[in-house]
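The next block holds one structure in the form of structure tokens; read it before the comments.
Values quoted throughout were computed directly from the atomic coordinates according to the rules given, and no laboratory measurement underlies them. These numbers were taken from a predicted model, which means no experiment stands behind them. All Cβ positions, even for glycine, are placed from backbone atoms using ideal geometry, and neighbour counts span all protein chains on display.
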Amino acid sequence: MKEYKLGSVVIMKKNHPCGENNWTIVRTGVDIKIKCNKCNREIMLSRVDFEKKLKKVVEY
Ligand SMILES: [Zn+2]
């Protein structure tokens, strides 16, 4: 299982409705919570979903 670190900045395939696609990981585990770096909204994704939607990890 791939490890994701808290505070890592990630880019998702789809933009958030606010226009941003740059997020910070704020919680890891079975579910992964990411926070939009523009509007600060947080969303919770299952790990499978997260990996499906993830484009790349920018910064560890
Ligand atoms: Zn946003």
Rounded to the nearest 20 debye, dipole of the chain from Cβ charges on Lys, Arg, Asp, Glu: 140
With 5 Å bins from 0: P(r) over the chain, alpha-carbon pairs, percent: 4, 21, 35, 29, 9, 1, 0
